[in-house]
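Remarks on the structure that follows.
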Amino acid sequence: MKTVSFLTLALTAAAIASPLTWERLIESAKADPRYEAAEKRAEATSKERNLKLWDKVELRYQLDGFSFAKHDFELRVTPQAFGERAADKAHYEAVKNYQQATFAVERSILLYDRYERGVRYVLRQKINEINKQLLQVIQDRIEVLHLKSGSASFNAEDLMTSLEKSASLKANLLSDSTALRDAELKMLSWAPDYDNVNLDSSFLPTMEELAEFLKNGVTVDESFPLVALAKGKRDSDISKAQQDASKDRNYISHVGIGYSLQIESLMEKYKTLDCANLQKPEYQKYYDIDACIADPYYTTRQLVPDEDNRKTSDKFFLNLAFRLPFFDSNKDASLREQVEKLDAESKFLDEVREVNQKVARLTEEVLTLIDQWKVLKDYAEQVNASGFMEQFAHKAGSDPLLLLRARESALESDLKAAKLEYDIFARYLELLDYSGGLARQDVTNHLREGIR
């Protein structure tokens, strides 16, 4: 027992000690309550539904008189209106597709949050490293300027500028540290089983790969979650309008079949009896011989037993009710249906047009920023090249300030490029969100595979 407990603790400690990677960060979305709720809604609506064949079924009873001799029992069915079953089926299908699209949108939003935070963390680390190198260059420059303070070439203004840059860079490093810690805490809150973050920068696609992904543009279609969501909403609204319109086609109000029960032992009726009837055995108790002798046309009205002399088939009855559409005042149902269909279609087209515009704009912005990034990187690579630096050092002579300025310029270019990378990835993630790349469940790296 102690051995099992020790192994359990060891495994738990190993899991906690392991870092949070990209794969684990992405997987954490499935544990989010919003993900689970959307998944349950999608699963619930995807199940097969049994469509009813009638609107309602009633067992009706009618007592014919308080002698309790006659009882009517009827099974009454109210059928569905003409076309209502097809409209119900279309509506259920539209609701299912809408919930599936909602699930895809929710999944995309959750992954967007995680990717955006992860990309920000990785690129902020890169910016932090460049800021450290820049600070070192500025500090070296300050040191050189202090050494030259007694010479004729000393520039006090250059020293003040360097001191200002040093203070600014130190503030930036503090800001980097705070931002990185905040990003870590946020990501660890999504995956509480880990106590540190280790996101590999190689997980991100290169700028060249992004340009290759987007060189042919992005074509908007119904696989895009927002378009699928709008389509599901449109189909749901149209099918709901068809449902409402079909309810006005209930030309058969109800169909009923019943049985009329008569209990002879309780059956009585009033009957006018003449003297001939009074002499019958069943009526002799009402016979008044003196009255009949005095008046041969004598009659009397008496409550006598009755009998059920119907055939068995006559004990059953059929009940039908029809609605007369000619006298129906609700003649604008068809017009309402057409208006609701047009409204739903118009909203869908507006949504598709908006998605098209945003996708086209984001694609153009990403490609433009990549071109700017290439210019900055080309300059930084040119400055950092050994041949360039040797040539520059030869021309600069023994002045180290010029060499430091060249190094500073290259690092500043790298810094601008790193900040551009974040702007590029921010728009690229938004593009992945619109295109449904983040909603895909068949890939592990949506940044590389999502847009393809």
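The values are calculated or read from the model by the stated rules, or taken from the named source; none is laboratory data. This structure is a prediction, so every number in the text was calculated from the model and none was measured. Note: ideal-geometry Cβ built from the backbone for every residue, glycine included; neighbour counts use all protein chains shown.
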Meets criteria (of a type outside the set (Ser, Thr, Tyr), touching a residue at least 60 places away in the same chain (Cβ under 8 Å), outside any helix (DSSP H, G or I) and crowded, with 16+ Cβ neighbours inside 10 Å) for Ala81: yes
Residue list for region 344-380, filter: under 26 Å from Ile238 (Cα atoms) and of a type outside the set (Gly, Ala, Ser): Glu345, Lys347, Phe348, Leu349, Asp350, Glu351, Val352, Arg353, Glu354, Val355, Asn356, Gln357
Failed criterion for Leu185 (all others in (1) in a helix (DSSP H, G or I); (2) over 28 Å from the mean Cα position of the chain (by Cα); (3) of a type outside the set (Asp, Glu); (4) surrounded by fewer than 17 Cβ atoms within 10 Å (Cβ to Cβ) hold): (2)
Condition check for Asp140: in contact (Cβ under 8 Å) with a residue 12 or more places away in the chain, closer than 22 Å to Pro400 by Cβ and of a type in the set (Asp, Glu): yes
Qualifying positions in region 84-109 - modelled with pLDDT under 80 and touching a Leu at 6+ places or on another chain (Cβ under 7 Å): Arg85, Asp88, Lys89
Residues (touching an Asp or Glu at 6+ places or on another chain (Cβ under 6 Å) and either under 19 Å from Ala406 (Cα atoms) or basic (Lys, Arg) (or both)) located in region 125-137: Ile130, Val137
Leu159 vs. criteria in the same structural domain as Ala406 (by TED's automatic domain parsing), more than 26 Å from Asp414 (Cβ to Cβ) and free of Cβ contacts under 8 Å to residues at least 24 places away in the same chain: no
Contacts under 8 angstrom Cβ, first residue in region 10-25 being aliphatic (A, V, I, L, M) and buried (at least 17 other Cβ atoms within 10 Å of the Cβ), partner part of a loop (DSSP other than H, G, I, E, B) and at pLDDT 50 or above, 6 or more apart: Leu20/Ala191; Leu20/Tyr194; Leu20/Asn196; Leu20/Asn198; Leu20/Leu199; Leu25/Ala191; Leu25/Leu199
Count of residues meeting criterion [at pLDDT 90 or above, buried (at least 17 other Cβ atoms within 10 Å of the Cβ) and polar (S, T, N, Q)] in region 162-182: 1
Condition broken by Ser108, with the remaining ones in (1) farther than 27 Å from Asp193 by Cα; (2) assigned by TED's automatic domain parsing to the domain that holds Phe224; (3) among the polar types (S, T, N, Q) satisfied: (1)
Spans of helices (runs of 4 or more DSSP H) in region 212-318 with at least 1 residues farther than 29 Å from Asp72 by Cβ and without any contact (Cβ under 8 Å) to a residue 40 or more places away in the chain: 275-278, 289-294
Filter pass, Tyr112 being over 30 Å from Arg323 (Cβ atoms) and at pLDDT 90 or above: yes
Residue list for region 54-78, filter: among the aliphatic types (A, V, I, L, M) and either more than 12 Å from Val255 (Cβ to Cβ) or without any contact (Cβ under 8 Å) to a residue 24 or more places away in the chain (or both): Val57, Leu59, Leu63, Ala69
